[in-house]
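Quick note: the coordinates plus some simple rules give every number you see, no bench work behind them. Owing to the predicted nature of the structure, the values given are computational and were not obtained by experimental measurement. Here the Cβ positions follow ideal geometry from the backbone for every residue, glycine too, while neighbour counts run over all protein chains shown.
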Amino acid sequence: MFWVSLVVVLFVGALLLLGMFRRRRSERGADDPHGVTSPRHWERRLLLFGGVVGPLIVLAVLWVVTLRDVNFLAAPLRSNMLTVDVIGRLWWWEVRYPEQGIVTANEIHIPVGQPVRIRLTSNGVIHSFWVPELAGKTDMIAGQTNNMWLEASQPGVYRGQCAEYCGRQHTHMIFFVIAEPQATFERWVQREASSVPAPAAANLTRGQRVFETNACAGCHTIRGTTAAGRVGPDLTHFGSRRTIGAGTVPNTRSLLAAWVVNAQSIKPGNLMPPVPLPPDDVQALVDYLESLK
Ligand code: CUA
């Protein structure tokens with residue numbers, strides 16, 4: 001389109017200069033008073049071709065080329081793409097791999113160099129899924145599934161952000177796309193799809209009991225335990241995640257302890273109520289959650 005436009009601009013520019021030059025000359029020499037006002041035969045043909053036929057041909061060719069490219073861009077690159085469902089929540093991202101039986105949150109692992117189909121929806125207000133380095137924004141709307149795909153050509157961690165104002169913690173609605181080599185990705189799938197084994201150490205057993213017998217279990221799921229809440233993020237492999245609160249703070253022991261006791265002090269307005277626990281229970285709980293790799 002650029003080169004065709006360039007040729008057209010140069011051609012029209014040259015005709016314009018030629019016209020100005022010829023007009024001045026014919027104004028000076030009055031030997032042919034009708035030459036300016038009555039077009040000659042070849043001038044009519046030039047007008048017909050340059051003004052009607054030429055543009056029609058050029059536009060038709062560009063139209064066909066554009067249609068071909070638009071079709072190519074819209075078509076799925078492969079029929080057997082990995083599919084990931086992402087659901088916008090207040091204010092975090094539920095991430096599901098329906099074929100692999102994985103439920104996680106705020107981190108999307110993908111194999112590098114492969115297009116991945118992303119199906120987007122929301123369970124409430126409108127959010128917008130945006131990984132600036134990998135793809136444009138796509139809205140997440142309750143009751144509707146929007147399809148997009150993304151592909152990372154380099155391994156790495158790509159930051160994503162909600163791009164549609166969705167309430168108080170819209171800014172802290174962050175996620176990460178983690179692009180890994182195929183073998184690493186497959187190991188992650190295998191681990192992530194599995195339930196957690198019964199804890200081996202005493203403090204971890206205590207931590208699991210604290211989780212199951214307090215408010216935690218009402219909102220969160222840890223597969224392999226009795227905790228099966230569906231309000232908050234699935235925590236089955238929480239210890240392997242990078243952040244707490246959808247990218248709000250790094251996943252460290254001290255921040256996790258602070259989050260459990262009063263998440264409102266870290267991410268005001270989020271749906272997790274304060275959980276007043278004795279310090280020993282908090283420590284056991286933190287040990288347990290961080291052990292869930
Ligand atoms: Cu979700 Cu902004």
If I filter the range 89-148 down to residues being surrounded by fewer than 22 Cβ atoms within 10 Å (Cβ to Cβ) and among the aromatic types (Phe, Trp, Tyr), which single residue comes out as nearest to the ligand (Cβ to nearest atom)? TRP130
Condition first: buried (at least 17 other Cβ atoms within 10 Å of the Cβ) and more than 16 Å from the ligand (Cβ to nearest atom). Now tell me which residues in the range 168-192 satisfy that. VAL177, ILE178, ALA179, GLU180, PHE185, TRP188, VAL189, GLU192
Does any residue of the range 64-82 turn out to be surrounded by 18 or more Cβ atoms within 10 Å (Cβ to Cβ) and within 16 Å of the ligand (Cβ to nearest atom)? no
Filtered residues of the range 210-226 (kept if crowded, with 17+ Cβ neighbours inside 10 Å and over 22 Å from GLY88 (Cα atoms)): VAL210, PHE211, THR225
Failed condition for VAL196, given (1) in a loop (DSSP other than H, G, I, E, B); (2) away from the ligand (no atom under 16 Å from the Cβ); (3) surrounded by 17 or more Cβ atoms within 10 Å (Cβ to Cβ); (4) under 15 Å from the mean Cα position of the chain (by Cα): (4)
Filter the range 149-167 for residues that are within 16 Å of the ligand (Cβ to nearest atom) and either aliphatic (A, V, I, L, M) or in contact (Cβ under 8 Å) with a residue 12 or more places away in the chain (or both) and give the result. ARG159, GLY160, GLN161, CYS162, ALA163, GLU164, CYS166, GLY167
If ALA246 meets every condition in (1) on the phi > 0 side of the Ramachandran plot; (2) out of contact with any Phe, Trp or Tyr (no Cβ under 6 Å at 6 or more places or on another chain) apart from one, which number is that one? (2)
Taking the options ARG159, ARG241, name whichever one is closer than 20 Å to ASN270 by Cβ, surrounded by fewer than 17 Cβ atoms within 10 Å (Cβ to Cβ) and charged (D, E, K, R). ARG159
